[in-house]
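The values are calculated or read from the model by the stated rules, or taken from the named source; none is laboratory data. If you're wondering where the values come from, they're calculated on a predicted model, not measured in any experiment. In this analysis, Cβ positions are derived from the backbone assuming ideal geometry, glycine residues included, and neighbour counts consider all displayed protein chains.
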């Protein structure tokens, strides 16, 4: 007679039951446990339910189809059918309760789609959840021209004909200033002003520059166009509208919040207004990237498109140099890491930077010209030779009194009168 475990001893009862489980069942349980790990890691308890449901479902199908007991030791096909139903229920419950993962704009059916192959046409569906922010607001109803035109803090000679890496070495490294008192409109002017005085607001200027195939209403307002977002390489088919305009936003490459904390507090109002509307500091991008970036610098946020990072960091450096801002140590290190892959990346120049003021040069001192030599005095005219003495006849009448002459023999004579003869005659001068 076979011995049965003592019903009063739970330990012996459990051991006896476990001993009856075949090895193949233990192997199956072990394999299922290993396979369940990724389901649990990605989906938690709902993921575990999905896995168990699928495992039971496959096993039940096997039992029903082959009439074998399988690793679960299911005794009959009827039990297999019941287990099959249970597997479907478990899988359904797990699938419904799985957490939803956020989908990036570049990989999902949003307004941003992957760059298509040549010749392909993609028409992504706009995401109505995109909204404008204080940092990147909508274009204004009316164009406003500020009292002062755009003016960068330095002239264009500082950023011309040089590399971003060379400029990075000149940027001061300091800690962040507090955000105390920061106000987008009060500190950087209303968005978007007509700082370049071309009659259009800045947002429409940037849309016209960065979008392809644009259609306008009037001279300025961009109504539609196609943008390849530099931050993701995704394509956005922009159409102006209440729920669609925000799909394309204008990003400040150096965000205004970051600028405020790294030196903009010391700028003039005109310079801060220029910084907020400077084309060098502005890019049309997809809404998701702009909302994700917020006030981040290069140490906390870089574009998902790695091919654009060199250009992006070069712009940040050029803007910070143009407006005499500084960088934090972490920001500088991140910029240097990016530029290590492209050390020759050129710096950009702000259109608001003025031409360098020419430095006056003093003409070299020259010796005074020598004075012209005084002309030699004209030679005195030679004294005229005395005229030959007049030959006169002694006793002849003459005039005037005192005239002199000589006789033919050279005897000196004078024209005179004498007592008793008042008439003038040539008389001997002796």
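Taking (1) in a strand (DSSP E or B); (2) outside the structural domain of residue 215 (by TED's automatic domain parsing) in turn, residue 348 satisfies each apart from (1).
Where helices (runs of 4 or more DSSP H) fall entirely within region 159-266, those with at least 2 residues that are in contact with a helix residue (DSSP H, G or I) (Cβ under 8 Å, 6 or more places away or on another chain), under 17 Å from residue 324 (Cα atoms) and in contact (Cβ under 8 Å) with a residue 12 or more places away in the chain are at 164-168, 184-188, 256-261. Applying the set (1) crowded, with 22+ Cβ neighbours inside 10 Å; (2) modelled with pLDDT under 95; (3) farther than 26 Å from residue 130 by Cβ to residue 268 leaves exactly one unmet item: (1). One residue alone among 356, 377 is loosely packed, with under 10 Cβ neighbours inside 10 Å and either modelled with pLDDT under 80 or under 30 Å from residue 195 (Cα atoms) (or both), and that residue is 377. Take the conditions within 17 Å of residue 156 (Cα to Cα) and over 16 Å from the mean Cα position of the chain (by Cα) and apply them to residue 354. Does it pass? So residue 354 fits the description; yes.
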